Amino acid sequence: MEAQLNELKTQALDKIAAASNVKELNAVRVAYLGKKGPITDLLKGMGKLPAEERPKMGALVNVVREEVTARLEERMAILEEQAINEKLQSETIDITLPGRPVKSGNAHPLTRVIEEIEDLFISMGYEIEEGPEVEKDYYNFEALNLPKGHPARDMQDSFYISEDILLRTHTSPVQARTMEAKGGEPIKIICPGKVYRRDNDDATHSHQFTQIEGLVIGEDIRMSDLKGTLSVFAKKMFGEDREIRLRPSFFPFTEPSVEMDISCFKCGGEGCNVCKKTGWIEILGAGMVHPNVLEMAGYDSKRLTGFAFGMGPERIAMLKYGIEDIRHFYTNDVRFLSQFQRTEV
């Protein structure tokens, strides 16, 4: 029986060493250590041996079983590691390949222009003020020297919610509210935002558009300060070689009032299709704050003066980017918007 046990051990160890994968090794384990395996049979047959031989043979069988079990575990660890390595190698990802680019969002051309204007005026010491788009008639018109029945109201026909509530026609109400809140203190602000007018939509008109207005109030504020500010703005937005021209105009809330033109950035003033052969392009309206507007807001118009200006970011964006139809800004056409995709360098 001892010879038979040694032969079984030799056979088992040889087959364990020969197993090339986990499946084959498990088959060896079942064949030799399973319930129907020869080593188990030997343990079951111990009862047939003489009593004096049982302890010695029992010990030998246990030694063989433990040695075979230990060798199985060692070989199993080797084969499992080998299987993992083979799987890793077969599933290797080549991280040197370039990844697929993920499309990211991009700033709308109007947003770009508005932020560029805001950054400029913030650098000049201005603060940004905002106000409600649903506005009171008082702040939209009356506080700006446009009493009920004033003919200039016709130019800003709006959407009325009630007799005294409307969608604002300009961002000037923000100026009126800020002046009222400041209680006679100096002001230096710009007011960006959406405005509304009952207009027919076409290539140059929209019932909804954006506007940026500016207001400066303080001691000894003069027309020359306004001109210098607008000159800086024109050079920043359209090029350092731009010149400006101020033409007399009329706005109920400023006196005197002007329209500002810039020298054409395409032809340099010689005349082209952009400037309609005049050499100049109209950009914005401005003027010195009307004394009535100052007084209604609680300012002493004999001690303090101010200037105001208003511009349309759509018009500036159309000129900067060569856009011919204002409706492109609002139709969300990806073909249009993708032309302004920012390229990372």
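Considering (1) open to solvent by less than 80 Å² (accessible area, probe 1.4 Å); (2) at pLDDT 80 or above; (3) hydrophobic (A, V, I, L, M, F, W, C), the lone condition that V64 does not fulfil carries the number (2).
Condition check ((1) under 15 Å from V289 (Cα atoms); (2) among the aromatic types (F, W, Y); (3) surrounded by fewer than 22 Cβ atoms within 10 Å (Cβ to Cβ); (4) modelled with pLDDT under 95) across all residues:
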site	(1), (2), (3), (4)
R153	no, no, yes, yes
F159	no, yes, yes, yes
Q175	yes, no, no, no
T178	yes, no, yes, no
G183	no, no, yes, yes
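The conditions of being in a strand (DSSP E or B), touching a residue at least 24 places away in the same chain (Cβ under 8 Å), polar (S, T, N, Q) and farther than 25 Å from P147 by Cβ are not met by T204. From G105, G131, grab the single residue that is open to solvent by less than 50 Å² (accessible area, probe 1.4 Å) and under 30 Å from I323 (Cα atoms). The unique qualifying residue is G131. Could you please let me know if I84 is of a type in the set (V, I, T) and modelled with pLDDT of 85 or more? Taking the combined requirement at face value, the residue satisfies it. If only residues of segment 186-229 that are closer than 16 Å to T169 by Cα and of a type in the set (A, V, I, L, M) are counted, the one that is surrounded by the fewest Cβ atoms within 10 Å (Cβ to Cβ) is I212.
Counting only helices (runs of 4 or more DSSP H) that fall entirely inside segment 230-345 and contain at least 3 residues that are under 30 Å from F141 (Cβ atoms) and open to solvent by less than 20 Å² (accessible area, probe 1.4 Å), the qualifying elements are 313-321.
Annotation: F265 fulfils all but one of (1) under 24 Å from P192 (Cβ atoms); (2) at pLDDT 90 or above; the unmet one is (2).
Selection over segment 19-31 of residues that are part of a helix (DSSP H, G or I) and closer than 14 Å to M76 by Cβ gives a count of 9. Take R71 and decide whether it is open to solvent by 80 Å² or more (accessible area, probe 1.4 Å), in the same structural domain as D14 (by TED's automatic domain parsing), modelled with pLDDT under 70 and at negative phi. No; evaluated as a whole, the condition is false for this residue.
Residue-by-condition table, conditions (1) without any contact (Cβ under 8 Å) to a residue 60 or more places away in the chain; (2) not acidic (D, E):
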{"position": "R197", "(1), (2)": "yes, yes"}
{"position": "L215", "(1), (2)": "no, yes"}
{"position": "R222", "(1), (2)": "no, yes"}
{"position": "D225", "(1), (2)": "no, no"}
{"position": "G239", "(1), (2)": "yes, yes"}
{"position": "I244", "(1), (2)": "yes, yes"}
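If you go through segment 157-169 and pick out every residue that is touching an Asp or Glu at 6+ places or on another chain (Cβ under 7 Å) and under 18 Å from F253 (Cβ atoms), you end up with 2.
The values are calculated or read from the model by the stated rules, or taken from the named source; none is laboratory data. As the structure is a computational prediction, the values presented were derived from the model and not from experiment. Here the Cβ is made from the backbone with ideal geometry for all residues, glycine too, and neighbour counts use every protein chain on show. Heads up: the accessible areas ignore ligands, DNA and RNA and are worked out on the full protein's heavy atoms, side chains in. Shrake-Rupley method; radii C 1.70, N 1.55, O 1.52, S 1.80 Å.
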